[in-house]
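Have a look at the structure below before the remarks.
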Amino acid sequence: MEGITIALSKGRIFEETLPLLAAAGIVPLENPESSRKLIIPTSRKDARVVVVRATDAPTYVQYGAADVGVAGKDVLIEHGGDGLYQPIDLGIARCRMMVAVPDGFDYENAVRQGARLRVATKYLKIAREHFAAKGVHVDLIKLYGSMELAPLAGLSDAIVDLVSTGNTLKANRLVAVEHIADISARLIVNRAALKLKRGQIAPLLAAISERVAP
Ligand code: AMP
């Protein structure tokens, strides 16, 4: 496609990316929260935004259906990052990947005793690598949402999930017992587009990095 296509997910990433795009003179002409349009024109004729599921942003950019995009580090680790250049940590949509258990469950003791734990998560790769590095035996159960419910309903002993304020854990009487990684969103760029559309992409990267770390 002519011009540049930017893959963004609705919500926090979209909102927090707006000022960065504005620094490059790109202002989306509609808000995906109120519009049902999935391709949104911008103030620049040569730039458009495609609205994607957060977990799909790396896929659109990997295959070149979008030239650039924004994705959380959590999503990028799960995706694997093939075909993607990740030049800038945008420092937005910050949170922490944590292990959490029901209040009162002695996680340290269970680990010490070598118990086999059932862990529910959307983040299989991150969880697998974390527990393997610690030498903890786990059975991972893949979920697509509401991980906090799993221990309460008796599906798992623990969860691996993103924690921001901690309110969701607290509301469900769960406590975070282990920090796995600090998470923030990164700018991702299709490797081929970086070469073929250098004239448009290089100034965009420059404007964004200037805005992120002036
Ligand atoms: P909180 O109650 O603020 O700790 O937020 C926790 C809930 O929001 C969990 O369901 C998380 O999966 C989700 N969450 C928190 N931060 C993020 C983020 N940066 N990206 C996606 N989901 C998040």
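No value in this document is a laboratory result; all are computed from the given coordinates. Computed from a predicted structure; not experimentally measured. For neighbour counting, all protein chains shown are included, and Cβ atoms are generated from backbone atoms with ideal geometry for every residue, glycine included.
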Rounded to the nearest 10 degrees, the helix 198-212 long axis (Cα) sits at an angle to the longest Cα principal axis of the chain of 50 degrees
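What FRET efficiency would be calculated for the residue pair Leu194, Lys125, taking the C-beta separation as r and a Förster radius of 25 Å, to the nearest 0.05?
Step by step, r from the Cβ atoms, then E = 0.45.
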Under the rule rounded for a/c under 1.5, else prolate if a/b exceeds b/c, else oblate, using alpha carbon gyration tensor axes a ≥ b ≥ c, segment 95-181 is classed as rounded
The helix 12-22 Cα axis meets the longest alpha-carbon principal axis of the chain at an angle in degrees, between 0 and 90 and rounded to 10, of 30 degrees
Segment 44-61 and segment 119-148 have their Cα centres apart by a whole-number Å value of 28 Å
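Take every DSSP beta bridge with both residues inside the chain and express the antiparallel ones as a percent of the total, to the nearest 5. Walk me through the numbers before you get to the answer.
Working: 27 of 43 bridges.
The answer is about 65 percent antiparallel.
Roughly speaking, what is the stretch gain from Tyr63 to Leu29, that is 0.36 nm per residue apart minus the C-alpha to C-alpha distance, in nm to one decimal?
Details: separation 34, 0.36 × 34 = 12.24 nm, distance 2.54 nm.
Full-extension gain reported as 9.7 nm.
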In degrees, nearest 10, the alpha-carbon axis of helix 124-134 is tilted away from the dominant principal axis of the alpha carbons of the chain by 50 degrees
Per DSSP, the loop-located GluC sites (Glu not before Pro) within segment 8-65 having at most 15 other beta carbons within 10 Å are Glu30, Glu33
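Under 1.5 on a/c is rounded, so check that first for segment 116-166, then, if it is not, pick prolate when a/b is larger than b/c and oblate when it is not; a ≥ b ≥ c are the square roots of the alpha carbon gyration tensor eigenvalues. List each step's numbers first, then the result.
Working: a/c = 1.81, a/b = 1.30, b/c = 1.39.
The shape class here is oblate.
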